[in-house]
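Here is the structure we will look at.
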Amino acid sequence: MLRSDYSTFEIRLTTGNVSSSLEANGGKPVTQHGHVYSSTNPLPTLTDSKTELGPKSGPFPSRFLSQLTNLSPATTYTLRAYATNEVGTAYGSSVITFRTETPIAPILSSQLTLTGVSAVSIGVGFNIGYSSELPITQHGLVYSTTDKSPSITNPTLALGPTNGPFNLQVNALLKDLTEKTTYYVRGFATNAKGTSYTGVLEVTTN
């Protein structure tokens, strides 16, 4: 009889990786194997969502990895391994429960780093650490000479969308500024869940 046991997993917003071990093939060639998973069935089978990794030859035990896709965010799933030979399909003795991540706004470094300042320009850098698999639709700098906590309602240096990879180091240059003037500057990044900001950097042009 086939035996397949769950080992490790890594789950994100809509994707995941799960690794199991195929311990034996029951004396018959394995024609299909992978993982079955469901958000509604506590004991998922081949009629639920599944990965299909194809035939599996020895030697046994033999590890295999499934890449899960198109998961729903903030959803609980059950999963188990399976393997099929001419006798039938066997399921792993371990049934795991996992929950996909809840979407969040981008995570940014707490502060801007000053990289340069002149009479008419300010250079800064910051880090976009994570975006929970959601594309960054806009990122850049917001700044003001009067608002000590500028937001995207203030003047903005927009650098456009980005898909990372994260951690993403962002370096930007504010230009055409007024000399001998104090500016309040923050980095920002926006995804489908909202806009996040770094801390405020107070800089006076030369």
Hull volume in cubic angstrom per residue (convex hull over the Cα atoms of the chain): 125
Sequence-distant residues sharing a close amide H with Tyr183 (under 5 Å, placed H): Val203, Thr204, Thr205
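Treating only the Cβ atoms of Lys and Arg (+1) and Asp and Glu (-1) as charged, compute the dipole magnitude of segment 2-99 about its Cα centre; round to the nearest 20 debye.
Numbers: 8 positive and 6 negative charges, 17 e Å.
So the magnitude is around 80 debye.
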For Gln111, distant residues with modelled amide H under 5 Å away: Gly199
Over segment 77-150, relative contact order from alpha-carbon pairs under 8 Å, at least 6 apart, %: 22
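Assuming R0 = 41 Å, can you tell me the calculated FRET efficiency for the pair Lys175 and Ile104, based on Cβ-Cβ distance, to the nearest 0.05?
For Lys175 and Ile104, the calculated efficiency is 0.80.
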Relative contact order (%) - criterion: Cα under 8 Å, at least six apart; region: segment 2-99: 38
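What full-extension length gain, to one decimal in nm, is calculated for Thr76 and Thr113 as 0.36 nm per residue of separation minus the Cα-Cα distance? Write out the running numbers ahead of the final one.
Values: separation 37, 0.36 × 37 = 13.32 nm, distance 3.96 nm.
Working it through step by step, the gained length comes to 9.4 nm.
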FRET efficiency, Ser19 to Asn41 (Cβ-Cβ, R0 22 Å, nearest 0.05): 0.50
q = 0.14, 0.16, 0.20, 0.21 Å⁻¹: log10 I(q)/I(0) that the Debye formula gives for segment 2-99, counting C-alpha atoms only: -0.45, -0.59, -0.89, -0.98
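Below 8 Å, C-alpha to C-alpha, sequence gap of six or more: please give me the relative contact order for the chain in percent. Walk me through the numbers before you get to the answer.
On the way: 572 pairs, mean separation 39.9, N = 206.
That works out to 19 percent.
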Förster-model FRET efficiency, 35 Å R0, Glu10 and Thr89, C-beta, rounded to 0.05: 0.85
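Bear in mind these aren't lab numbers, they're just calculated from the coordinates by the rules spelled out. Given the structure is predicted, the values throughout are model-derived calculations rather than measurements. Neighbour counts run over all protein chains shown; Cβ positions are idealised from the backbone, glycine included.
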